[in-house]
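One structure below.
What follows is calculated from the coordinates using simple rules that are stated; it is not laboratory data. Just so it is clear, the model here is predicted, and its values are computed rather than measured. Cβ atoms come from the backbone with ideal geometry, glycine included; neighbour counts cover every protein chain shown.
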């Protein structure tokens with residue numbers, strides 16, 4: 001079994017319900033949820049929106065390989081109502097977004113998938129819930145704990 005951290009966000013529709021449904025579907029289709037952060041509200045990042053996001057981070061165990069995990073998270077996004085993925089760094093409002101933050105301590109540089117997620121250190125909406133459930137987790141690329149990364153942000 002592999003250990004994965006996933007970041008989830010929603011800023012359209014019933015945001016809390018979207019997140020709860022995503023966690024439920026992840027539990028049914030991906031693996032067992034070991035820990036879940038509180039829900040946090042943040043302004044949109046990378047674009048202007050009148051809709052605030054609610055974000056959560058979960059820790060799971062899964063037997064899916066990284067690319068199968070990516071495919072399953074994208075299927076769940078579509079099931080919940082995600083219309084299109086971010087393209088060319090153009091962000092938009094969405095019912096659900098699921099990002100793979102970490103997969104074990106692996107570094108994956110595939111054309112469709114970068115793990116650790118390349119923007120973790122820039123996003124308070126990831127660092128805050130991640131620090132709640134994994135303050136001592138060490139980022140495999142920079143060797144810093146999540147707490148240290150949050151303090152630097």
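Match the structure shown to one of the listed values [x] 2, 10, 20, 24, 22, 16, 6, 0, 0; [y] 2, 8, 15, 20, 19, 15, 11, 6, 3, 1, 0; [z] 2, 9, 15, 15, 12, 12, 10, 9, 7, 5, 2, 1, 0, 0 of P(r) over Cα pairs in 5 Å bins from 0, in percent, computed from it, and give that label.
It is the one labelled [x].
Of the listed peptides 40-52, 112-124, what is their order by residue-averaged count of other C-beta atoms within 10 Å, with the highest listed first?
The densest-packed peptide leads the list: 112-124, 40-52.
With n ≥ 4 as the cut-off for DSSP H runs, can you work out [θ] at 222 nm for the chain, using -39500 (n - 2.57) per run divided by the number of residues, rounded to the nearest 500?
On the way: 4 runs with 47 residues, N = 153.
The per-residue figure over the chain is -9500 deg cm²/dmol.
Treat the count of other C-beta atoms within 10 Å as a stand-in for reagent exposure and order 111, 153 from fewest to most.
Numbers: 111 5, 153 13.
Fewest-to-most ranking of 111, 153: 111, 153.
For the pair residue 32 and residue 52, what calculated FRET efficiency results from E = 1/(1 + (r/R0)^6), where r is the Cβ-Cβ distance and R0 = 25 Å, to the nearest 0.05? Don't jump to the answer; show the numbers that get you there.
Details: r = 30 Å, r/R0 = 1.20.
Once the sixth-power term is evaluated, E becomes 0.25.
Per-residue counts of other Cβ atoms within 10 Å, averaged by peptide: what ranking do you get for 129-136, 1-8, highest first?
Details: 129-136: 18.6, 1-8: 21.2.
Order by mean packing, descending: 1-8, 129-136.
Which shape class applies to the stretch 93-153: rounded if a/c is under 1.5, otherwise prolate when a/b exceeds b/c and oblate if not, where a ≥ b ≥ c are the square roots of the Cα gyration tensor eigenvalues? Let's see the in-between values first.
On the way: a/c = 1.89, a/b = 1.14, b/c = 1.66.
Verdict is oblate for the stretch 93-153.
So between residue 3 and residue 107, what do we pick up on full extension, going 0.36 nm a residue minus the alpha carbon distance?
Values: separation 104, 0.36 × 104 = 37.44 nm, distance 1.34 nm.
That pair, residue 3 and residue 107, stretches by 36.1 nm at full extension.
So, R0 is 25 Å and r is the distance between the beta-carbons of residue 142 and residue 83; what FRET efficiency does that work out to, to 0.05? Can you show the working numbers first?
On the way: r = 34 Å, r/R0 = 1.36.
Result of the calculation: an efficiency of 0.15.
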